[in-house]
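J.: One structure, pasted below without further comment.
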Amino acid sequence: SRNQKLEILRSNKSIININWKSIMPDKNNDWINQRDEKYELYTSMYDKNDIENSIYLDQLTGVYSGRDVWVSGFSKSNSINNAKQLVENYSFELERLSNIIDPKERIAQVNKDESFISWTTGLFQNFAKGKSLNLVENRVIKYMYRPFTKKWIVFDKEILERPSRYYDIVGETGKNIYIQGQGMNKPFSVLITEFVPSLQFNGNGKGFPMYRGTDSLGKIDNISTSFKNKVNLNSDEVVFYVYAVLNSKEYLEKYASDLNKAFPRIPLLKHKEKYVEIGRKLADLHLNYEDVPAYDGVNIDFKSDNPSFKVKKMKHPKRGQMDTIIFNEDIVITDIPERAYEYVVNGKPAIEWIIDQYQVKKDKKSGIVDDPNEFSDNPKYIFNLLLSIINVSMQTMDLVESLPPLEIIE
């Protein structure tokens, strides 16, 4: 830490008295956190300079709307209404300033109050050109907003800053491995989904869909023939194999520096079939997390004979007391295993993502309220989800720890 470094300087009185260590940059010009040279020999998940010899033929970036509260939320109807209001406000400004010829002057005079509209570079560019917006209201889909958190989004290019190329393959991605982006100040993580992902579904992430869409012959495979031949696995098995490797504790620790700097490289392992088997179980668990039964070990304390299952903001009783979650005034969940918090994705435990995301939030800038209780017709949806994610976390840790040692053939 900063204080430790300063203490070293103080205690040594002078830099002359410090026992310095000489370091040399490696071939990648890394001075610290140097990469494993053998790692460079493994097959990259995606290399734009050698696509045919990569694992995936293409990679996609998640959706960045630039205005989440205006175009997405837990309520489908509210998301549509907010998006319509955004377009109406934009159109009002377009008409109000239509007599101004100079685009720069038109933008200078536009209403920039964030309770009125959320401007981004793309929207300003359209406004400068005098382009009107035509919202396609029926293009509303569920998408993965954050880990184990689905929301609705009005998936219309007109109002999204960067809709991403997922826009053209909605519902056709197949199993989609979404990895954390490079340069993040947190341990590498991965999560699989079959829904369109937000950019921040997993920290500035990158997606690797199994399919790139469809053509007249059917689904277009996004996994290279060269890698399938190399490991002697079909496309489904490759997805499971890669997912298992990217969840391996030994792999993540051994190549932590490499994973923070470039797309993952996947080695050929001795116990390939076992990795496929466990990867399949992990994928099934994470894709179908809503259907996982509640964890048996927890205790539910109902404070009322007719409890409400609505949430305002879940919380722990006090800092550090992780075995208990106050769901609401009527329900307290206790005896949550400490081990459940060991499953971390996108920088924090999966359980904490549920606590963080499933709360009633009012956006300070726009005044828009997002209420997670409006997502599902099932009043117990959030309650069941929390109990499921506790079990998902426990099972994930069991599966990850059952992976064979990382015995690399190549």
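The values are calculated or read from the model by the stated rules, or taken from the named source; none is laboratory data. In this text the structure is predicted, and so the values were computed from the model without any measurement. Every residue, glycine among them, receives a Cβ derived from its backbone with ideal geometry; neighbour counts consider all protein chains shown. Ligands, DNA and RNA are stripped out before the accessible areas are found, and what is left, the full protein with its side chains, is counted by its heavy atoms. Shrake-Rupley method; radii C 1.70, N 1.55, O 1.52, S 1.80 Å.
J.: Going residue by residue through the stretch 337-353, is there one that turns out to be touching a residue at least 60 places away in the same chain (Cβ under 8 Å) and assigned to a helix (DSSP H, G or I)?
T.: yes
J.: Within the stretch 207-232, take every residue that is open to solvent by less than 20 Å² (accessible area, probe 1.4 Å) and either of a type in the set (S, T, N, Q) or farther than 28 Å from residue 261 by Cβ (or both) and give me the one that is farthest from the chain's Cα centre (by Cα).
T.: Of everything passing the filter in the stretch 207-232, 224 is farthest from the chain's Cα centre (by Cα).
J.: From 138, 204, which residue is open to solvent by 50 Å² or more (accessible area, probe 1.4 Å) and farther than 30 Å from residue 384 by Cβ?
T.: The unique qualifying residue is 204.
J.: Next question, about the same structure. Anything in the stretch 263-293 that is out of contact with any helix residue (DSSP H, G or I) (no Cβ under 8 Å at 6 or more places or on another chain) and among the aromatic types (Phe, Trp, Tyr)? List them, or say none.
T.: Hit for the stretch 263-293 is 263, nothing else.
J.: Please enumerate the residues belonging to the stretch 141-159 that are open to solvent by 20 Å² or more (accessible area, probe 1.4 Å), in contact (Cβ under 8 Å) with a residue 12 or more places away in the chain and farther than 27 Å from residue 384 by Cβ.
T.: 158
J.: Testing residue 166 on (1) in contact with a helix residue (DSSP H, G or I) (Cβ under 9 Å, 6 or more places away or on another chain); (2) surrounded by 14 or more Cβ atoms within 10 Å (Cβ to Cβ), one condition comes back false. Which one is that?
T.: Tallying (1) in contact with a helix residue (DSSP H, G or I) (Cβ under 9 Å, 6 or more places away or on another chain); (2) surrounded by 14 or more Cβ atoms within 10 Å (Cβ to Cβ), residue 166 fails exactly one: (1).
J.: If you don't mind, another one. Taking the condition open to solvent by less than 40 Å² (accessible area, probe 1.4 Å), over 30 Å from residue 85 (Cα atoms), of a type in the set (A, V, I, L, M) and free of Cβ contacts under 8 Å to residues at least 60 places away in the same chain, does residue 333 pass?
T.: Answer is yes for this residue.
Each row is one residue, and each column tells you yes or no for (1) exposed (fewer than 10 other Cβ atoms within 10 Å of the Cβ); (2) over 31 Å from the mean Cα position of the chain (by Cα); (3) part of a helix (DSSP H, G or I); (4) of a type in the set (Lys, Arg).
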{"position": "6", "(1), (2), (3), (4)": "no, yes, yes, no"}
{"position": "21", "(1), (2), (3), (4)": "yes, yes, no, yes"}
{"position": "25", "(1), (2), (3), (4)": "no, yes, no, no"}
{"position": "38", "(1), (2), (3), (4)": "no, no, yes, yes"}
{"position": "49", "(1), (2), (3), (4)": "yes, no, no, no"}
{"position": "70", "(1), (2), (3), (4)": "no, no, yes, no"}
{"position": "79", "(1), (2), (3), (4)": "no, no, yes, no"}
{"position": "85", "(1), (2), (3), (4)": "no, no, yes, no"}
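J.: Where the second residue is of a type in the set (Asp, Glu) and open to solvent by 80 Å² or more (accessible area, probe 1.4 Å) and the first is within 19 Å of residue 165 (Cβ to Cβ) and without any contact (Cβ under 8 Å) to a residue 60 or more places away in the chain and lies in the stretch 213-238, which pairs have Cβ atoms under 8 Å and are six or more apart or on separate chains?
T.: Here the result reads 213/168, each pair linking the stretch 213-238 to a residue that is of a type in the set (Asp, Glu) and open to solvent by 80 Å² or more (accessible area, probe 1.4 Å).
J.: Which condition breaks for residue 33 when tested against (1) part of a loop (DSSP other than H, G, I, E, B); (2) in contact (Cβ under 8 Å) with a residue 40 or more places away in the chain; (3) surrounded by 13 or more Cβ atoms within 10 Å (Cβ to Cβ)?
T.: (3)
J.: Related question: Please state which of the following conditions residue 92 fails to meet, knowing it meets all the rest: (1) under 21 Å from residue 140 (Cα atoms); (2) in a helix (DSSP H, G or I).
T.: Failed condition: (1).
J.: Name every residue in the stretch 170-188 that is open to solvent by 10 Å² or more (accessible area, probe 1.4 Å), touching a residue at least 40 places away in the same chain (Cβ under 8 Å) and of a type outside the set (Lys, Arg), in order of residue number.
T.: Result: 172, 174, 182, 183, 184, 187, 188.
J.: Follow-up question, since we're still on this one. Considering only the stretch 197-265, give the helices (runs of 4 or more DSSP H) lying wholly within it that have at least 2 residues that are at pLDDT 95 or above.
T.: Correct list: 225-231, 235-247, 249-254.
J.: Can I ask one more? So which pairs qualify, if the first residue must be in the stretch 285-304 and assigned to a strand (DSSP E or B), the second must be surrounded by fewer than 17 Cβ atoms within 10 Å (Cβ to Cβ), the Cβ gap must be under 6 Å, and the two must be at least 6 apart or on different chains?
T.: From the stretch 285-304, the pairs are 299/334; 299/335; 301/332.
J.: Restricting attention to the stretch 331-365, which residues are over 21 Å from the mean Cα position of the chain (by Cα) and not acidic (Asp, Glu)?
T.: Matches in the stretch 331-365: 331, 332, 333, 334, 336, 337, 339, 362, 364, 365.
J.: Right, something else. What number of residues within the stretch 243-289 satisfy the criterion of being open to solvent by 70 Å² or more (accessible area, probe 1.4 Å), under 20 Å from the mean Cα position of the chain (by Cα) and not basic (Lys, Arg)?
T.: 1
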